[in-house]
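**Student:** My questions will all concern the structure given below.
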Amino acid sequence: MSAYDRVAGIEAFAAIAAPWTSPELFRDSDVLWWIDNVSAMSSLVRGAARPEDIDSFASIAALQFASLGCRPWYEWVDSKSNPSDGLSREGISDPYALSKDWELTDLGDFDWSE
């Protein structure tokens, strides 16, 4: 797997992780999902991808959103304009996120073995 595919896989995995850890935020809702990785975004839109792991992530995300009655809309955003970019790298200690009046919660380590 290329480094490019690894990054796309991590970006696509977020579409599984967020609703898995906080389903109440997604249930019966329309969601605008900003993503700064074109490959991950197109995979999530299609619900499929050529690399097997990204295909699994995209399929699981689509099924998970459907089971929650969630209607995601994916939009690309460049990394410099993406307010969650720092959060994905620095966690809740991201300086930009801390400068905003946002409610930030560290979910800690999560058991993804399920």
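**Student:** For Asp28, work out the one condition from (1) farther than 22 Å from Phe110 by Cβ; (2) in a helix (DSSP H, G or I); (3) in contact with a helix residue (DSSP H, G or I) (Cβ under 8 Å, 6 or more places away or on another chain) it doesn't fulfil.
**Tutor:** Every listed condition holds for Asp28 apart from (2).
**Student:** Moving on. Any residue at all in segment 50-59 that's open to solvent by 30 Å² or more (accessible area, probe 1.4 Å) and of a type in the set (S, T, N, Q)?
**Tutor:** Within segment 50-59 (the criterion being open to solvent by 30 Å² or more (accessible area, probe 1.4 Å) and of a type in the set (S, T, N, Q)), the answer is yes, since at least one residue qualifies.
**Student:** Restricted to segment 79-114, and to residues that are farther than 18 Å from Phe13 by Cβ and among the aliphatic types (A, V, I, L, M), which residue is most open to solvent (accessible area, probe 1.4 Å)?
**Tutor:** Within segment 79-114, the match that is most open to solvent (accessible area, probe 1.4 Å) is Leu98.
**Student:** Take the conditions without any contact (Cβ under 8 Å) to a residue 40 or more places away in the chain, surrounded by 15 or more Cβ atoms within 10 Å (Cβ to Cβ), in contact with a Pro (Cβ under 9 Å, 6 or more places away or on another chain) and not polar (S, T, N, Q) and apply them to Leu44. Does it pass?
**Tutor:** So Leu44 passes the test.
**Student:** Filter segment 63-78 down to the residues that are open to solvent by less than 50 Å² (accessible area, probe 1.4 Å) and either of a type in the set (S, T, N, Q) or outside any strand (DSSP E or B) (or both) and list them by number.
**Tutor:** So in segment 63-78, the residues open to solvent by less than 50 Å² (accessible area, probe 1.4 Å) come out as 64-65, 68-70, 72, 74, 77.
The answer is Gln64, Phe65, Leu68, Gly69, Cys70, Val77.
**Student:** For segment 1-24, indicate whether the set of residues that are closer than 22 Å to Glu103 by Cα, part of a loop (DSSP other than H, G, I, E, B), without any contact (Cβ under 8 Å) to a residue 60 or more places away in the chain and open to solvent by 40 Å² or more (accessible area, probe 1.4 Å) is non-empty.
**Tutor:** No - not one qualifying residue is present in segment 1-24.
**Student:** So, one more: For Asp85, indicate whether it is of a type outside the set (Gly, Ala, Ser) and closer than 27 Å to Arg46 by Cα. Outline the logic, then answer.
**Tutor:** Numbers: of a type outside the set (Gly, Ala, Ser): yes; closer than 27 Å to Arg46 by Cα: yes.
Yes, satisfied.
The values are calculated or read from the model by the stated rules, or taken from the named source; none is laboratory data. Fair warning: this is a prediction, and the values are worked out from it, not measured in the lab. Glycine also receives a Cβ, built like all others from the backbone with ideal geometry; neighbour counts cover every protein chain displayed. Ligands, DNA and RNA are stripped out before the accessible areas are found, and what is left, the full protein with its side chains, is counted by its heavy atoms. Shrake-Rupley method; radii C 1.70, N 1.55, O 1.52, S 1.80 Å.
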